[in-house]
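Below: the structure, in structure tokens.
The values are calculated or read from the model by the stated rules, or taken from the named source; none is laboratory data. Computed from a predicted model, the values in this text were never measured in an experiment. We place every Cβ from the backbone using ideal geometry, glycine too, and count neighbours over all the protein chains shown.
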Amino acid sequence: MDVRQSSLFRQRAFIDGFWIDADAGAVFAVHNPATGEYLGSVPDMGAAETRRAIEAARRALPGWRSKTAKERAQIMRRWYELILAEQETLARIITAEQGKPLVEARGEIFYGASFIDWFAEEGRRVHGDVLPLTNGDRRQLVFKQPIGVTAAITPWNFPSAMFARKVGAALGAGCVMVLKPAEQTPFSALALVDLAQRAGIPDGVINVVTALDPAPVGLELTQNPVVRKLSFTGSTEVGKILLRQAAGNVQKCSMELGGNAPLIVFEDADLDLAVKGALATKYRNCGQTCVSANRMIVQESIAERFAQRLAEAASGLKVGNGLEEGAVVGPLIEEAAVEKCERHVADAVNRGARLLTGGGRHTLGGTFFQPTVLAGVKEDALIFQEETFGPVAPVISFKDEADAVRLANSTPFGLAAYFFSRDIPRVFRVAEALEFGMVGVNETLISSEVAPFGGVKHSGLGREGSRYGIDDYLEIKYVCLGGM
Ligand code: ADP
């Protein structure tokens with residue numbers, strides 16, 4: 001099946017219910033990272049088209065906001081069902097533009113769709129408050145109202161799920177949205193919005209602007225006074241730029257930024273479980289997730305055994321085009337990502353680390369990289385300081401619990417952390433001491449629509465998913481009735 005033949009493979013942007021071109025007719029090309037093949041092209045838009053998308057959203061807001069939550073939920077539920085019905089085509093679009101193995105892409109569609117379903121329902125549970133009396137002649141109430149016109153900028157690593165997680169929350173709360181997908185992966189977002197239209201989501205409620213240069217679109221989305229909220233997932237560097245821009249507009253921001261996740265293995269852990277968990281978090285999506293374990297921090301007495309076991313398992317992972325049967329590690333998104341992996345490996349080895357498996361480009365060529373394990377990594381290595389975003393697992397050893405927690409927390413980032421232990425008091429102590437927004441204990445696949453996703457420190461602001469995620473799209477209004 002060639003996804004380019006599918007009616008869901010849209011090569012135009014979507015504004016106010018119409019599939020449109022850029023004003024000047026300019027387009028940019030998108031390539032398949034596994035083959036380097038030309039996949040298709042989309043409009044190269046800028047500030048003017050973004051302004052029009054924002055105006056379309058502003059016009060659509062009163063109609064969407066004034067529907068009952070149940071009415072919104074019924075439309076969103078239809079959208080959710082259409083997504084599931086088209087799961088295979090949507091998954092193939094992800095694999096074609098992003099490279100992840102098809103089984104993972106199918107999982108991403110299912111995961112993303114779960115947010116549409118979840119927030120359709122959460123929208124029905126937005127309750128206000130009646131406050132206690134402070135004075136007999138007045139009554140005090142709290143309303144919760146949709147923020148209004150919102151914007152989102154999404155990354156290439158989960159091009160479908162990040163769209164769904166943001167749009168789902170916005171629409172469930174009664175907000176409307178203008179979204180810019182990553183330039184590497186616009187087709188997943190366009191396919192989802194096609195299905196949104198088929199489901200009956202009114203024109204202008206979701207608008208997708210595509211651009212090769214994200215900066216002018218980002219500037220308009222942050223500085224246009226109509227846009228009252230921005231939700232961004234991407235690098236900390238770009239997040240900081242957007243926060244600065246949004247400051248001028250006092251725009252509410254949710255930021256899901258970089259991580260540098262530790263995975264601690266204590267000597268009391270179930271080693272089989274720890275190796276399995278490390279393998280799952282490190283090599284999924286070729287290590288390109290913001291919650292991938294970046295640092296394996298293992299107690300001295302078992303560090304060598306753990307590293308050997310992990311290397312053995314990693315060397316057995318099949319690398320290949322995501323469409324190939326059995327391929328579990330796809331290509332990296334682009335050449336710069338390969339170079340970062342090479343730099344991290346070389347730096348660690350220069351500082352005394354030992355390469356147990358992998359270490360460089362895969363014989364498949366292109367942006368394929370070998371699943372890699374390094375033992376004896378030092379704290380000052382680049383790979384310990386920075387997010388690698390690739391299939392490289394560095395193992396560093398620690399002496400005692402305090403040392404492990406210190407190493408884990410010695411980063412400006414605080415998204416996800418994992419640890420393996422069977423000692424119950426230790427599980428509580430360490431879970432409390434880790435400065436991260438999400439902690440997996442004896443488990444590394446922890447994301448779902450019911451759980452709050454987000455980070456602390458330089459990893460971000462706000463939470464997505466869960467019953468907390470809808471709050472990011474709601475304003476609180478205090479109403480005081482006097483003269484009672
Ligand atoms: P990554 O390193 O994962 O590509 P980025 O933060 O560069 O992360 O990209 C995440 C999203 O942010 C993408 O949609 C990208 O187009 C967008 N982006 C990058 N730079 C800017 C910018 N200056 N303004 C607005 N959006 C940007």
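Of all residues in region 180-196, those satisfying the criterion of being away from the ligand (no atom under 13 Å from the Cβ) and under 22 Å from Q288 (Cβ atoms) are F187, L190, A191, L192. Within region 347-368, the set of residues being closer than 28 Å to A182 by Cβ and without any contact (Cβ under 8 Å) to a residue 40 or more places away in the chain comprises D347, G360, R361, G365.
Of the candidates I396, I383, I333, the single residue that is among the aliphatic types (A, V, I, L, M) and within 16 Å of the ligand (Cβ to nearest atom) is I333. Flag: A24 matches the condition of being within 26 Å of D203 (Cβ to Cβ), modelled with pLDDT of 95 or more and surrounded by fewer than 17 Cβ atoms within 10 Å (Cβ to Cβ).
I'd like to check something: does region 279-287 contain any residue that is away from the ligand (no atom under 16 Å from the Cβ), in contact with a Lys or Arg (Cβ under 6 Å, 6 or more places away or on another chain) and of a type in the set (A, V, I, L, M, F, W, C)? No, region 279-287 contains no residue that is away from the ligand (no atom under 16 Å from the Cβ), in contact with a Lys or Arg (Cβ under 6 Å, 6 or more places away or on another chain) and of a type in the set (A, V, I, L, M, F, W, C). Pairs linking a residue in region 1-21 that is surrounded by 18 or more Cβ atoms within 10 Å (Cβ to Cβ) to a residue that is assigned to a loop (DSSP other than H, G, I, E, B) and hydroxyl-bearing (S, T, Y), with Cβ atoms under 8 Å and 6 or more positions apart or on different chains, are A13/T210. Kindly list, by first and then second residue, each pair from a residue in region 141-156 that is within 15 Å of D472 (Cβ to Cβ) to a residue that is in a loop (DSSP other than H, G, I, E, B) and more than 10 Å from the ligand (Cβ to nearest atom), limited to pairs with Cβ atoms under 6 Å and residues at least 6 apart or on different chains. Note: pairs meeting the criteria are K144/V126; K144/G128; P146/G174; P146/C175; I147/C175; V149/V226; T150/C175. Counting only residues that are farther than 18 Å from F384 by Cα and β-branched (V, I, T), region 276-302 holds 1 of them.
Annotation note: of E37, E108, the sole residue that is crowded, with 22+ Cβ neighbours inside 10 Å and not β-branched (V, I, T) is E108. Taken over region 130-173, the residue count meeting the criterion of being outside any helix (DSSP H, G or I) and more than 16 Å from the ligand (Cβ to nearest atom) is 20. Residues in region 10-30 that are under 24 Å from P331 (Cα atoms) and either touching a Phe, Trp or Tyr at 6+ places or on another chain (Cβ under 6 Å) or of a type in the set (A, V, I, L, M) (or both): A29, V30.
Checked across region 107-115, the condition of being assigned to a helix (DSSP H, G or I), without any contact (Cβ under 8 Å) to a residue 12 or more places away in the chain and under 30 Å from A280 (Cα atoms) holds for at least one residue. Within region 245-270, the set of residues being under 26 Å from T289 (Cβ atoms), more than 14 Å from the ligand (Cβ to nearest atom) and hydrophobic (A, V, I, L, M, F, W, C) comprises A261, L263, I264, V265, F266, A269. Taking the criterion of being part of a helix (DSSP H, G or I), of a type in the set (G, A, S) and out of contact with any Ser or Thr (no Cβ under 9 Å at 6 or more places or on another chain), the residues of region 64-95 that qualify are A69, A73, A85. Checking each residue in region 443-462 for being in contact with a strand residue (DSSP E or B) (Cβ under 8 Å, 6 or more places away or on another chain) and either without any contact (Cβ under 8 Å) to a residue 60 or more places away in the chain or hydrophobic (A, V, I, L, M, F, W, C) (or both) picks out I446, A451, P452, F453, V456, K457, L461.
Residue-wise test of (1) buried (at least 24 other Cβ atoms within 10 Å of the Cβ); (2) of a type in the set (F, W, Y); (3) within 9 Å of the ligand (Cβ to nearest atom); (4) closer than 21 Å to S459 by Cα.
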site	(1), (2), (3), (4)
C175	yes, no, no, no
V178	yes, no, no, no
R198	no, no, no, no
N207	yes, no, no, no
P216	no, no, yes, no
V227	yes, no, no, no
G234	no, no, yes, yes
L243	no, no, no, yes
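Residue pairs whose Cβ atoms lie under 7 Å apart, sitting 6 or more positions apart in sequence or on different chains, and linking a residue in region 177-194 that is farther than 23 Å from L219 by Cα to a partner that is small (G, A, S), are S188/S160; L192/S160; L192/A164.
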